[in-house]
Amino acid sequence: MPVLPGAEPFRHEGGEVGVLLCHGFTGSPQSLRPWAEHLAERGLTVALPLLPGHGTRWEDMQLTGWQDWYAEVDRELRALSERCRQVFVFGLSMGGALSLRLAAKHGDAISGLVLVNPGNKVHGLAAYALPVARHLLPSTKGVANDIAREGSTEIGYDRVPLHAAHSLRNLFLLVDGELPQVTQPLLLLHSTQDHVVPPADSARILSRVSSTDVEEILLEQSYHVATLDHDAERIFDESYSFIGRLAPSVGKKGSTSGG
């Protein structure tokens, strides 16, 4: 299947500091593209992959699971690590869970994490119904496009494939158990109004990671896809400042152009 226009992966060869960006469940790189371009314009090396089963049609996602999505970001991280002196991992929603797993598994290979409305749990009756419901129903109503800003649209599926949703639930359970292994500096930004992931998920993550360098920022003007919403510029600026604090070469003239 051809990739939906605008949902293509994005890569930029920059300097010795790299950033891997992980998009969300049923979403696409389009939700993080402005963020990736903001970082690329400042001389960073950027990788924003398209996760397997995403960016085409929801039926394609039925054939994939968390192992496929994680393998893709793991591969991208290894490639970035080979050519960059420092690597940061950013994630939105499920991309936040994938980022946390990378952090738990790769340790010092990751210099810091920036998470926006990270998911940690499938809530409500859906969590208990999924193991059976996925064999009875192929899909349910989509979760994409939760954005407060008028005229801003997310390219994502209008249906949630239930086999994939069940796999997402398993990923969340796995990552929740691995949170104490996360030690990297962490910047977590979450919306006060989010119709997809409740604030409880961010609170749970913050309470369980072992990171000592932690900052939490509340996004008052945005819904779930905050990277395309009113607080987008703040996310971009805060994340770049976060990198600048932990990678001193960033922002100095000519220092991010080599390597």
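The values are calculated or read from the model by the stated rules, or taken from the named source; none is laboratory data. It should be emphasised that the depicted structure is a prediction, and the values quoted were computed from it without experimental measurement. Here the Cβ positions follow ideal geometry from the backbone for every residue, glycine too, while neighbour counts run over all protein chains shown. Areas reflect the complete protein model, heavy atoms only, side chains present, ligands, DNA and RNA absent. Shrake-Rupley method; radii C 1.70, N 1.55, O 1.52, S 1.80 Å.
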Members of the range 192-209 found to be under 20 Å from Val143 (Cα atoms), of a type outside the set (Asp, Glu) and in contact with a Pro (Cβ under 8 Å, 6 or more places away or on another chain), listed by number: Thr192, Val197, Ser202
Cβ-Cβ below 9 Å, separation at least six or inter-chain, first residue in the range 92-106 and farther than 13 Å from Trp69 by Cβ, second of a type in the set (Ser, Thr, Tyr) and not in a helix (DSSP H, G or I): which pairs? Ala103/Thr183; Ala103/Ser211; Ala104/Thr183
Taking the range 86-111 and keeping only residues that are touching a Gly at 6+ places or on another chain (Cβ under 6 Å) and in a strand (DSSP E or B), one is left with Val87, Phe88, Leu92
Taking the range 159-180 and keeping only residues that are out of contact with any Lys or Arg (no Cβ under 8 Å at 6 or more places or on another chain) and either crowded, with 22+ Cβ neighbours inside 10 Å or touching a residue at least 60 places away in the same chain (Cβ under 8 Å) (or both), one is left with Pro161, Ala164, Ser167, Leu168, Asn170
Could you tell me which numbered condition His12 fails, if it satisfies all but one of (1) more than 13 Å from the chain's Cα centre (by Cα); (2) in contact (Cβ under 8 Å) with a residue 40 or more places away in the chain; (3) over 18 Å from Leu187 (Cβ atoms)? (2)
Which of the residues that make up the range 112-147 are small (Gly, Ala, Ser), in a loop (DSSP other than H, G, I, E, B) and surrounded by 19 or more Cβ atoms within 10 Å (Cβ to Cβ)? Gly119, Ala144
Qualifying positions in the range 192-239 - open to solvent by 50 Å² or more (accessible area, probe 1.4 Å) and aromatic (Phe, Trp, Tyr): Tyr223
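Has the range 202-225 got any residue that is among the acidic types (Asp, Glu) and under 15 Å from the mean Cα position of the chain (by Cα)?
No, the range 202-225 contains no residue that is among the acidic types (Asp, Glu) and under 15 Å from the mean Cα position of the chain (by Cα).
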